[in-house]
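Novice: Quick one: structure below, then a few questions.
Read-outs: derived from the displayed coordinates by stated rules, not from any lab. Every value quoted in this text rests on a predicted model; they were computed, and no experiment measured them. Because the Cβ atoms are built from the backbone with ideal geometry, glycine has one as well, and the counts that use them run over all protein chains shown.
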Amino acid sequence: MKPAPVNDNLKKALGEFLKRDVTVLLNRGNRGDGVIHMGARQLFSDVGLVVREVRERAVGSDLEGDVLLVLGGGAFARGTHTLAHLVPRLAPRFRQIVILPASFDLDSGPVRRFAMSWGPKYTVWCRELVSFDRLRGSGATPQAILLGHDLAFHADLSPWAQRPNSGVVGIFRRDNEASFSALPSGLEIHDASHGTEQEAERLLDYISRFSAIHTDRCHAAITAAMMGRDVRFYRNSYFKNQAIYDQSLSQYPNIAFERTSSFSLRQFVRATYWSRIRPLEMKLRSRILRQNREPA
């Protein structure tokens with residue numbers, strides 16, 4: 001298994017917080033976000049940094065402190081930007097805020113407004129060059145904009161890498177980050193990343209079973225590559241996948257990025273249903289069930 005990209009500059013920066021009170025905000029998300037959280041915990045342990053974890057869903061009005069580390073990952077994009085609303089509300093309660101390696105989709109209004117609100121208490125780490133270059137040219141004025149690698153690369157995946165594996169599988173999104181490109185034919189397709197950030201092991205268990213993976217899920221690609229599996233990596237709906245491939249994954253000989261793609265009406269209908277129609281359908285179903293339970 002090839003050594004993962006290192007974050008030496010980030011490790012050095014985190015080492016400066018060893019004697020300070022540090023809170024980590026864990027973003028809500030899918031199973032891939034859970035792998036980021038696994039890697040972050042390993043990174044903190046390697047540095048010797050003791051932290052207090054707070055999940056995004058559990059943030060209370062009494063949360064305050066010295067240093068706030070924000071695990072954002074892909075939570076600053078058009079489809080997912082809850083942290084772009086939450087962090088500004090928390091900012092007055094902390095002396096210093098560090099956004100750990102993340103992607104920033106400035107085409108999203110809430111994300112751009114969040115970036116424009118940064119001041120000297122913010123230090124921002126990007127996990128790829130597209131976000132890094134766009135932020136530096138955006139007029140945002142944090143204390144620093146820095147470049148690193150996704151924290152999932154710090155996760156210890158050796159127990160999964162050693163498992164028996166065979167066969168080929170497709171792991172493709174069915175949410176608002178799915179592209180409208182044609183999916184590879186002849187494959188079993190399952191969105192194994194779909195779930196919560198507290199279910200990272202379920203994603204790793206699934207990936208470890210196969211010797212080759214086709215995917216547009218960023219952390220399916222990262223973890224499969226780290227396990228030594230053969231990976232074909234596909235685009236998502238914005239620049240994230242290709243940018244992370246270029247920054248961190250291109251050094252792995254067992255992964256290739258699919259740079260050309262063709263529009264698929266079938267995939268357009270599939271992605272639109274799961275990202276827009278299905279959520280409305282589930283809300284309506286839930287409302288009907290509640291009404292049926294109410295006494296006459």
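Novice: For the range 200-217, just list the computed ³J(HN,Hα) in residue order, Karplus coefficients 6.51, -1.76 and 1.60, θ = phi - 60°, integers in Hz, with x standing in for Gly and Pro.
Specialist: Karplus values, whole Hz, x for Gly and Pro: 4, 4, 5, 5, 5, 4, 5, 4, 4, 6, 10, 9, 9, 10, 9, 7, 10, 8.
Novice: At R0 = 35 Å, how high is the FRET efficiency between SER117 and GLN291 if r is their beta carbon distance? Nearest 0.05 is fine. Could the numbers behind the result be given before it?
Specialist: Values: r = 41 Å, r/R0 = 1.18.
The formula returns an efficiency of 0.25 here.
Novice: Can you compute the charge dipole magnitude of the chain about its Cα centre, using +1 on each Lys and Arg Cβ and -1 on each Asp and Glu Cβ, nothing else charged? Give it in debye, rounded to the nearest 20.
Specialist: The calculation lands at about 720 debye.
Novice: Continuing with this model, one more query. With bins 5 Å wide starting at 0, give me the P(r) of the chain over every alpha carbon pair, in whole percents.
Specialist: Here the calculated profile for the chain is 1, 5, 11, 16, 18, 16, 13, 9, 6, 3, 1, 0, 0.
Novice: While we're here: Considering amide H positions built from the backbone, and no H for Pro or chain starts, which residues 5 or more places from LEU69, or on another chain, come under 5 Å of its amide H?
Specialist: HN-HN under 5 Å from LEU69: THR23, VAL24, LEU25, VAL98.
Novice: Of all alpha-carbon pairs in the range 158-265, indicate the percentage at a distance above 16 angstrom.
Specialist: Value for the range 158-265 (Cα pairs over 16 Å): 55 percent.
Novice: Also, I was wondering about something else. So what's the gap between the Cα centers of the range 201-261 and the range 75-108, to the nearest angstrom?
Specialist: 25 Å
Novice: Given the DSSP H assignment, sum -39500 (n - 2.57) over each helix run of at least 4 residues in the chain and divide by its residue total; what's the result at 222 nm in deg cm²/dmol, nearest 500?
Specialist: -9500 deg cm²/dmol
Novice: In what sequence do THR215, THR80, THR141 fall when counting other Cβ within 10 Å, fewest first? Don't jump to the answer; show the numbers that get you there.
Specialist: Numbers: THR215 26, THR80 23, THR141 13.
Fewest to most other Cβ atoms nearby, the residues stand as THR141, THR80, THR215.
Novice: Can you sort ILE207, ILE36, ILE171 by how many other beta carbons sit within 10 Å, fewest first?
Specialist: Exposure proxy ranking, most exposed first: ILE171, ILE207, ILE36.
Novice: Further question: By count of other Cβ within 10 Å, fewest leading, how are LYS12, LYS121, LYS19, LYS240 ordered?
Specialist: Ranked by crowding around the Cβ, least crowded first: LYS19, LYS12, LYS121, LYS240.
Novice: Right, next: When you have a sec, figure out the Kirkwood radius of the range 1-96 from all distinct Cα pair distances and drop it here in Å to one decimal? Each step should come with its number before you reach the end.
Specialist: Working: mean 1/r = 0.0697 Å⁻¹.
With all distinct Cα pairs of the range 1-96 included, I get 14.3 Å.
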